[in-house]
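Report on the structure given below.
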Amino acid sequence: MNRILACLARNQLLISLTVLALALLFPLVFPSQYSIRMATLCGMYIVLALSLNLITGYTGQVSLGHAAFFGIGAYTAAILATRFGLNFLFTFIAAAIVAGLAAFLLGLPTLKLKGHYLAMVTLGFCEIVRLVEMNWMGLTRGPLGILNIPPPSLWGFTIDAPIEYYYFIVALVVLTIKLVQNIVDSRVGKGLIAISEDEIAAEAMGINILRYKVMVFVISAALAGFAGAFYAQYMSYIDPTSFGTDQSISIFIMIIFGGLASIPGTIIGVIVLTLLPEVLRGLMDFRLIIYGLILIAMMLVKPEGLLGNINFTRIKKAADGKKAGELK
Amino acid sequence: MKPLLGIERVTQRFGGLVAVSNVSFQIFENEIIGVIGPNGAGKTTLFNIITGIYKPTEGKVMYDEGNIAGFRPHEITQSGLARTFQNIRLFQNMTVLENVLVGMHTRTKANLFDAVFRTGRLKKEQLEATQKAEYYLRLVDLYEHRHSAAKNLPYGSQRKLEIARAMASEPRLLLLDEPAAGMNEQETAELMEFIGKLKALGYTILLIEHDMKLVMNICERIIVFDHGCLIAQGEPEVIKKEPKVIEAYLGKEA
Ligand SMILES: Nc1ncnc2c1ncn2[C@@H]1O[C@H](COP(=O)(O)OP(=O)(O)OP(=O)(O)O)[C@@H](O)[C@H]1O
Ligand SMILES: [Mg+2]
């Protein structure tokens with residue numbers, strides 16, 4: 001097992017490029033509307049799950065309301081695009097900012113408290129946001145949803161074919177991976193991981209834990225808002241049912257299953273759990289039960305998730321170190 | 001001479017329990033001071049007050065002429081105090097090297113922007129930080145293990161890693177809470193020698209130890225706690241003969 005991991009670690013770049021190449025070729029091999037649509041949604045969920053992983057996986061703060069920020073982003077983009085005809089560059093950035101701002105206002109008082117308050121507060125927040133989306137008719141049109149959201153366009157080029165959306169989301173996924181990786185590999189990221197391991201020790205090492213937690217919560221929400229903007233313009237129709245607690249829990253389960261604090265784990269988790277319900281079409285009604293069972297099984301067998309806590313950079317360094325040691 | 005740290009009439013209550021009671025003492029630059037006392041005497045609580053984990057119920061903690069009582073722990077670390085923990089609190093899943101790098105948090109600057117765009121400043125700083133971290137690891141003889149997870153180190157090495165991590169924040173005052181706990185005799189002797197060396201490097205050290213004999217050799221002054229009160233302070237030779245101290249220790253053992 002360790003050998004395999006070391007081998008994977010050493011060929012990280014090669015594997016990443018291969019996966020990217022496969023992702024780029026995918027719609028050419030599977031050109032059906034259906035498969036491209038599934039792949040596009042997978043991409044969107046990867047952005048969502050990676051962003052949740054920042055706060056929950058790397059920093060260890062359980063958030064159960066990620067869909068709220070997803071929804072805030074989607075509604076922000078939808079409203080700006082339909083009522084003000086704003087270009088997608090603006091709608092996407094506005095979606096990220098509004099979602100991030102909501103996270104800031106929610107996180108500042110909540111993240112001060114020790115313990116699992118964040119989990120409870122975010123769960124409640126998600127429900128509140130859904131109720132607002134449902135009832136603020138003037139702004140969101142409530143259960144009717146927002147229709148005819150225009151597709152993203154820039155300089156006369158409009159993204160409207162499914163395959164164009166697909167490549168658009170692949171680009172977003174690559175950017176998100178790069179963003180998460182860069183944060184994690186830095187001084188800031190080490191601070192976040194230190195917080196997840198031991199808050200008291202992290203604080204004693206000079207980390208301003210409140211500031212870091214709020215900061216990462218905001219980034220995480222802003223990314224979810226971004227994904228929301230994509231969703232709104234991709235679907236061209238949104239209503240509150242897509243942003244409820246069950247959506248939050250689904251995203252949460254994806255990272256638990258794939259692995260907390262693991263990028264490849266997150267990607268695998270998303271793909272498996274997005275495709276599983278499709279494969280088990282007939283069992284659609286039992287989707288959440290199946291998710292629940294998977295979660296329980298995972299907790300019993302491998303609580304850190306499929307690839308959780310497997311850090312390929314560390315494995316590579318350790319392997320290189322050993323080799324250097326053998327040469328001496 | 002002005003003291004580096006001045007504890008002034010500090011009291012810490014937990015409900016009805018007085019864990020530290022009206023304690024005052026001073027520490028001067030480049031001293032090694034031992035804090036001894038029986039179980040539950042309030043030694044760790046004193047550390048928690050100095051490092052900002054607790055805000056004392058009463059009293060002042062004067063450092064660099066300012067009162068730091070009530071400051072957040074990260075602010076205190078920033079100002080030049082660092083500690084180890086009695087119950088080892090390493091970042092268990094991080095590597096040995098990464099633990100020390102986290103220790104350097106207050107002495108490095110890369111921010112979110114540098115991280116996201118991998119600026120030149122970040123790369124340069126990462127390189128320098130790694131070299132410095134490796135220097136600290138060599139000091140405590142853990143360089144060879146720098147890529148192992150902290151949790152895989154033997155107990156004695158974990159204690160040494162905690163010291164290296166604390167040193168990485170470039171403190172003027174190092175607070176070590178029972179650094180020899182759980183070590184065998186030889187490891188303990190080596191550790192005490194190492195702590196002696198730290199003085200030569202210019203550190204000021206406040207060292208909690210359960211066992212009086214251990215600190216006698218390396219400490220210039222010893223502070224004795226019992227039931228939250230500071231019952232004696234002075235040179236080891238004097239402390240050894242102090243009736244109150246003998247009573248506190250023998251009284252416990254009897
Ligand atoms: N957070 C807390 N809440 C309540 N009581 C506490 C707290 N921290 C410490 N105490 C109590 O304060 C007293 C002093 O504890 P402290 O840990 O400072 O002792 P110590 O001298 O370090 O002992 P030991 O040698 O066993 O480490 C003990 O009675 C302890 O139970
Ligand atoms: Mg103690």
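The values are calculated or read from the model by the stated rules, or taken from the named source; none is laboratory data. Just so you know, these numbers come straight off a predicted model, no measurement behind them. Using ideal geometry, Cβ is built from the backbone for each residue, glycine included, and neighbour counts are taken over all protein chains shown. To get the accessible areas, we keep the full protein, side chains included, count just its heavy atoms, and leave off ligands, DNA and RNA. Shrake-Rupley method; radii C 1.70, N 1.55, O 1.52, S 1.80 Å.
Against the condition within 14 Å of chain A (Cβ to nearest Cβ), of a type outside the set (A, V, I, L, M, F, W, C) and within 24 Å of A:Ala204 (Cα to Cα), how does B:His210 come out, does it pass?
no
Within the set B:Ile36, B:Ile32, the sole residue that is more than 14 Å from chain A (Cβ to nearest Cβ), modelled with pLDDT under 95 and near ligand 1 (Cβ under 10 Å from one of its atoms) turns out to be B:Ile36.
Mind listing just one residue for me: the one in the stretch B:14-29 that is under 24 Å from B:Met216 (Cα atoms) and away from ligand 2 (no atom under 16 Å from the Cβ) and, of those, nearest to the other protein chains (Cβ to nearest Cβ)? Looking at residues that are under 24 Å from B:Met216 (Cα atoms) and away from ligand 2 (no atom under 16 Å from the Cβ), I get B:Ile27. Please specify each residue of the stretch B:44-60 satisfying the condition of being of a type outside the set (A, V, I, L, M, F, W, C) and either within 9 Å of ligand 1 (Cβ to nearest atom) or more than 12 Å from chain A (Cβ to nearest Cβ) (or both). Answer for the stretch B:44-60, where residues must be of a type outside the set (A, V, I, L, M, F, W, C) and either within 9 Å of ligand 1 (Cβ to nearest atom) or more than 12 Å from chain A (Cβ to nearest Cβ) (or both): B:Thr44, B:Thr45, B:Asn48, B:Tyr54, B:Lys55, B:Pro56, B:Thr57, B:Glu58, B:Gly59, B:Lys60.
Taking the stretch B:184-213 as the region of interest, how many residues are within 16 Å of ligand 2 (Cβ to nearest atom) and surrounded by fewer than 21 Cβ atoms within 10 Å (Cβ to Cβ)? Before you say what the answer is, go through the steps one by one.
Step one: of the stretch B:184-213, the residues within 16 Å of ligand 2 (Cβ to nearest atom) are B:206-212.
Those still in the list that are surrounded by fewer than 21 Cβ atoms within 10 Å (Cβ to Cβ) too: B:210-212.
Result for the stretch B:184-213: 3.
The set of residues from the stretch B:223-254 being within 16 Å of ligand 2 (Cβ to nearest atom) and buried (at least 21 other Cβ atoms within 10 Å of the Cβ) comprises B:Ile223, B:Val224, B:Phe225, B:Asp226, B:Gly228, B:Leu230, B:Ala248.
Report yes if some residue within the stretch B:37-48 is assigned to a loop (DSSP other than H, G, I, E, B) and more than 13 Å from ligand 2 (Cβ to nearest atom); otherwise report no. For the stretch B:37-48, residues assigned to a loop (DSSP other than H, G, I, E, B) and more than 13 Å from ligand 2 (Cβ to nearest atom): absent.
Residues are listed down the side, and each one gets a yes or a no for (1) among the β-branched types (Val, Ile, Thr); (2) within 27 Å of B:Leu198 (Cα to Cα):
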site	(1), (2)
B:Pro3	no, yes
B:Gly16	no, no
B:Ser24	no, yes
B:Phe28	no, yes
B:Leu90	no, yes
B:Leu97	no, yes
B:Val100	yes, yes
B:Val116	yes, no
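Considering the conditions (1) among the charged types (D, E, K, R); (2) away from every other protein chain (no Cβ under 14 Å); (3) closer than 30 Å to B:Lys109 by Cβ, A:Lys213 is excluded by exactly one of them, (2). When A:Gly244 is tested against (1) over 22 Å from A:Leu179 (Cβ atoms); (2) open to solvent by 20 Å² or more (accessible area, probe 1.4 Å); (3) of a type outside the set (D, E, K, R), just one condition goes unmet, and that condition is (2).
Evaluate the stretch B:63-86: report whether one residue or more is within 16 Å of ligand 2 (Cβ to nearest atom) and of a type in the set (D, E, K, R). First the steps, then the outcome.
Let us first name the residues in the stretch B:63-86 that are within 16 Å of ligand 2 (Cβ to nearest atom), namely B:83-86.
In the following step, the residues that additionally are of a type in the set (D, E, K, R) were identified as B:83.
Within the stretch B:63-86, one or more residues are within 16 Å of ligand 2 (Cβ to nearest atom) and of a type in the set (D, E, K, R).
Tell me which residues, restricted to the stretch A:8-25, are of a type outside the set (Val, Ile, Thr) and free of Cβ contacts under 8 Å to residues at least 60 places away in the same chain.
Step one: list which residues in the stretch A:8-25 are of a type outside the set (Val, Ile, Thr), which gives A:8-14, A:16-17, A:20-25.
A:Asn11, A:Leu13, A:Leu14, A:Ser16, A:Leu17, A:Ala21, A:Leu22, A:Leu25, listed by residue number.
When B:Ala181 is tested against (1) open to solvent by less than 60 Å² (accessible area, probe 1.4 Å); (2) within 14 Å of chain A (Cβ to nearest Cβ), exactly one condition is not met: (2). Taking the stretch B:106-160 as the range and being more than 9 Å from every other protein chain (Cβ to nearest Cβ) and among the acidic types (Asp, Glu) as the test, the residues that pass are B:Glu128, B:Glu134, B:Asp141.
For the stretch B:55-162, the helices (runs of 4 or more DSSP H) that sit wholly inside it and include 3 or more residues that are open to solvent by 50 Å² or more (accessible area, probe 1.4 Å) and in contact (Cβ under 8 Å) with a residue 12 or more places away in the chain are B:120-139. Screening A:Leu80, A:Leu64, A:Leu41, A:Leu48 for residues that are more than 12 Å from A:Ala103 (Cβ to Cβ), assigned to a helix (DSSP H, G or I), in contact (Cβ under 8 Å) with a residue 60 or more places away in the chain and open to solvent by 20 Å² or more (accessible area, probe 1.4 Å) leaves exactly one candidate, A:Leu41.
Does the stretch A:175-192 contain at least one residue that is of a type in the set (D, E, K, R) and more than 13 Å from every other protein chain (Cβ to nearest Cβ)?
Initially, the stretch A:175-192 is screened for residues of a type in the set (D, E, K, R), giving A:178, A:185, A:187, A:190.
Next cut, more than 13 Å from every other protein chain (Cβ to nearest Cβ) only: none.
No, the stretch A:175-192 has no match at all.
Within the span defined as the stretch A:173-185, one or more residues are surrounded by fewer than 23 Cβ atoms within 10 Å (Cβ to Cβ), closer than 29 Å to B:Phe71 by Cα and of a type in the set (A, V, I, L, M, F, W, C).
Quick one: would you say B:Thr11 is within 18 Å of B:Ile223 (Cα to Cα), open to solvent by less than 20 Å² (accessible area, probe 1.4 Å), without any contact (Cβ under 8 Å) to a residue 60 or more places away in the chain and more than 16 Å from ligand 2 (Cβ to nearest atom)? Lay out the reasoning, then the answer.
Working: within 18 Å of B:Ile223 (Cα to Cα): yes; open to solvent by less than 20 Å² (accessible area, probe 1.4 Å): yes; without any contact (Cβ under 8 Å) to a residue 60 or more places away in the chain: yes; more than 16 Å from ligand 2 (Cβ to nearest atom): yes.
Yes; evaluated as a whole, the condition is true for this residue.
Within the stretch A:166-189, the presence of a residue that is touching a strand residue (DSSP E or B) at 6+ places or on another chain (Cβ under 8 Å) and more than 27 Å from B:Arg89 (Cα to Cα) is excluded.
With at negative phi and under 20 Å from the mean Cα position of the chain (by Cα) as the only criterion, which of B:Leu112, B:Leu101, B:Leu122, B:Leu127 stands out?
Being at negative phi and under 20 Å from the mean Cα position of the chain (by Cα) holds for just one of B:Leu112, B:Leu101, B:Leu122, B:Leu127, which is B:Leu101.
Among the residues of the stretch B:72-98, those identified as at the interface with chain A (Cβ under 8 Å from one of its Cβ atoms) and under 15 Å from the mean Cα position of the chain (by Cα) are B:Pro73, B:His74, B:Thr77, B:Gln78, B:Ala82, B:Arg83, B:Phe85, B:Arg89, B:Leu90.
Do we have A:Ile200 as buried (at least 24 other Cβ atoms within 10 Å of the Cβ) and within 14 Å of chain B (Cβ to nearest Cβ) here?
Details: buried (at least 24 other Cβ atoms within 10 Å of the Cβ): no; within 14 Å of chain B (Cβ to nearest Cβ): yes.
Judged against the criteria, A:Ile200 is not a match.
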